[in-house]
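Accompanying notes for the structure given below.
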Amino acid sequence: MSDLLEVQGLTKIFAGAGTFWSRRAPTYAVEDVSVRLGKGETLAVVGESGSGKTTLGRCVLRLIEPTEGKVIFEGTDILPLRGGELKGFRRKAQMVFQDPQGSLDPRMRAASIVAQPIKHHEGLTGSELEGRVLEALRAVGLGASDLPKYPHEMSGGQQQRVAIARAIAIRPDLLVLDEPTSALDASIQGQIIALLAELRDVYEMSYLFISHDLRLVRAHSDRTAVMYKGRLVELGATEDVFRNSRHPYMRLLEELIPTVPANPLAPAAAAFLMDDDSDRPEAGCVFRNRCPAAAAGCESHQYLIPEGGGHRAACRRHTEEGFDREWEHLLEDTLRGR
């Protein structure tokens, strides 16, 4: 599979806020992240709020400017692009946002919302434009009767379908999906995910799928990248990451996946992760201040260790003999508060 997108050493630092006498330190929203996305592939990016996954997606599309690194799309670094060249990239890469109601202009009808990128990038007008708009709406399960509707006249699921129609109307090669179902009812989430899976095949697109829902990620992505406090801590084929997770942070996230019977450690794992007010280490493993398995050497190691099959994790301890058995005891003791 050839690469559509390659991110190299991407870093985004937000300057510290405050006054000159009480200025906060800069925030490393994304630090030294490198990933690849193949043509026709779905790469999921997972992590809790504040992990940097949305910032990564927006940097990839240059909705915000990275501080360092490269974003190579179809062999070209898009960060130096300006004017017409940048417009040409944005014709091929679109985003579907988390909140459909917030991402749609309430003053515009569905027809105008979907027509906007077609007119901007392809200059179509008249009947040709109308045909493309209706084609895009029908592709997402809507029709001619939805053309005159304003966003407030639609359900949340219909609003997200309009947002997806707007994104695919110019037939991009890449879609960045930023939590595309999290604002929707559970009954609608499955419909939208099934629609996205169908559209990926029909339009031969690649997806950068940003999500905190591990069940959706496991079912609908080819590879998974795990982020914590701006750093990439695990990367590999999705099923391998879930069946044989290597980084302690991912192992803790897995405790939150609903199971039957219910996992007795899940509530404690959720409380442990939600209570993460630890400082971000200046060096070494970014998770070491919270990690139950932290030990000597973790203060210096921070990079992904490659394994067979392309599975990599930024944890020096998982390569130690007997670590898997030790981890089970460490996890249970930590979550039970011992």
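The values are calculated or read from the model by the stated rules, or taken from the named source; none is laboratory data. Everything quoted here is computed from the prediction, not taken from an experiment. We place every Cβ from the backbone using ideal geometry, glycine too, and count neighbours over all the protein chains shown.
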Exercise. Does any residue of the stretch 231-242 turn out to be part of a loop (DSSP other than H, G, I, E, B) and not β-branched (Val, Ile, Thr)?
Worked result: no
For this session: Scan the stretch 33-75 residue by residue and report those that are hydrophobic (A, V, I, L, M, F, W, C), in a strand (DSSP E or B) and more than 10 Å from the chain's Cα centre (by Cα).
Result: Val33, Val35, Leu37, Val71, Ile72, Phe73
Exercise. Looking at (1) touching a residue at least 60 places away in the same chain (Cβ under 8 Å); (2) within 21 Å of Glu255 (Cβ to Cβ), which is the one condition that is false for Asp324?
Worked result: (1)
Seminar exercise, completed: Every listed condition ((1) surrounded by 17 or more Cβ atoms within 10 Å (Cβ to Cβ); (2) assigned to a loop (DSSP other than H, G, I, E, B)) holds for Gly297 save (1)
Exercise. Can you find a residue in the stretch 303-315 that is within 24 Å of Gly236 (Cα to Cα), over 25 Å from the mean Cα position of the chain (by Cα) and buried (at least 19 other Cβ atoms within 10 Å of the Cβ)?
Worked result: no
Exercise. Would a scan of the stretch 135-143 turn up a residue that is more than 19 Å from Leu196 (Cα to Cα) and modelled with pLDDT of 95 or more?
Worked result: no
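One line per residue, one yes/no per condition, for (1) surrounded by 17 or more Cβ atoms within 10 Å (Cβ to Cβ); (2) assigned by TED's automatic domain parsing to the domain that holds Val46; (3) of a type in the set (A, V, I, L, M):
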site: Pro180; (1), (2), (3): yes, yes, no
site: Val202; (1), (2), (3): no, yes, yes
site: Ser206; (1), (2), (3): yes, yes, no
site: Leu216; (1), (2), (3): yes, yes, yes
site: Glu234; (1), (2), (3): yes, no, no
site: Glu239; (1), (2), (3): no, no, no
site: Ala269; (1), (2), (3): yes, no, yes
site: Phe272; (1), (2), (3): yes, no, no
Exercise. Taking the stretch 40-66 on its own, how many of its residues are more than 18 Å from Ala15 (Cβ to Cβ), surrounded by fewer than 22 Cβ atoms within 10 Å (Cβ to Cβ) and of a type in the set (Lys, Arg)?
Worked result: 1
Exercise. Which residue out of Arg62, Arg24 is under 27 Å from Leu214 (Cα atoms) and out of contact with any Pro (no Cβ under 6 Å at 6 or more places or on another chain)?
Worked result: Arg62
Exercise. From the list Leu184, Leu177, Leu253, Leu199, which one is part of a strand (DSSP E or B) and out of contact with any Cys (no Cβ under 7 Å at 6 or more places or on another chain)?
Worked result: Leu177
Exercise. Picking from Thr55, Thr76, Thr67, Thr42, which residue would you name as being touching a Phe, Trp or Tyr at 6+ places or on another chain (Cβ under 6 Å) and β-branched (Val, Ile, Thr)?
Worked result: Thr42
